[in-house]
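Novice: Take this structure, written in structure tokens, and hold onto it; I'll ask about it next.
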Amino acid sequence: MTRSSELRDKEVINMPDGRRLGFVSDVEISLEEGKIEAIVIPGAGRIFGLLGRDSEFVIPWEKVRKIGEDIILVDMDERYIR
């Protein structure tokens, strides 16, 4: 069993292309079922991070393949990642 607090600040890597997507900043939880539905990663900063951030990545829990001590491996289709 994985607790949502254990996921925060882990780096997320996309398995098909090895791309680093960022660090988990939040999770989406179904209150009815008490299950994690998705992990949220902030988008890349614009102009050295001064003017806010692009949209965030919301990765469905079904796409999470492996959770390690420091990283989370996901299997996302490249067309959904900017």
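Novice: Under 9 Å between Cβ atoms, at least 6 apart or on separate chains: pull out the pairs that start in region 24-38 with a residue that is over 22 Å from residue 14 (Cα atoms) and end on any residue that is assigned to a strand (DSSP E or B).
Specialist: Every condition considered, the pairs that remain are 30/36; 30/37; 35/29.
Novice: Any idea how many residues of region 9-25 are more than 16 Å from residue 62 (Cβ to Cβ) and open to solvent by 80 Å² or more (accessible area, probe 1.4 Å)?
Specialist: Here the count works out to 4.
The values are calculated or read from the model by the stated rules, or taken from the named source; none is laboratory data. Given the structure is predicted, the values throughout are model-derived calculations rather than measurements. Heads up, the Cβs are rebuilt from the backbone with ideal geometry, glycines too, and the neighbour counts pull from every protein chain shown. Ligands, DNA and RNA are excluded from the accessible area calculation, which covers all protein heavy atoms including side chains. Shrake-Rupley method; radii C 1.70, N 1.55, O 1.52, S 1.80 Å.
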